[in-house]
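A short worksheet on the structure shown next.
The values are calculated or read from the model by the stated rules, or taken from the named source; none is laboratory data. These numbers were taken from a predicted model, which means no experiment stands behind them. Cβ: placed from backbone, ideal geometry, glycine included. Neighbour counts: every protein chain shown.
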Amino acid sequence: MQTINGKLIVEEQSELEQLKPNLENIVQQFEHLELQITAVNQQDKIEYLKQLTSVQLSLHKLERIYNRLVFTTILTAFGLASWYIWLGFNQNSAPAKLANSPIPITSIKAATDH
């Protein structure tokens, strides 16, 4: 086969007949490559969607854990504040109870000196 300036020069019709199977083979290979590329792209998309779903599930789990942590922190802070206030009231009312007790504190001290 001769070419001039990149163009095929055919002298006989039989040379064209010899080229047809080669061209058909090249076209089939090209179509096969297109199918492979399409299949790979679909697999990549499926894998991407699976990873995206996995990330979304992990994010939802983290959100639940975060919400529990915030709720627990708020309840703990409220409980500690309530406990601190309750202790403060008990300490303030303890001297008043001793002052109003029926037995004088001095007589208790005198009884323990013996």
**Asked** Does the range 10-19 include one or more residues that are surrounded by 10 or more Cβ atoms within 10 Å (Cβ to Cβ) and not in a helix (DSSP H, G or I)?
**Response** yes
**Request:** Quick one: count up the residues across the range 60-87 that are under 16 Å from the mean Cα position of the chain (by Cα) and at pLDDT below 95.
**Result:** 0
**Prompt:** Of these, Lys50, Lys7, which one is exposed (fewer than 10 other Cβ atoms within 10 Å of the Cβ) and modelled with pLDDT of 70 or more?
**Reply:** Lys7
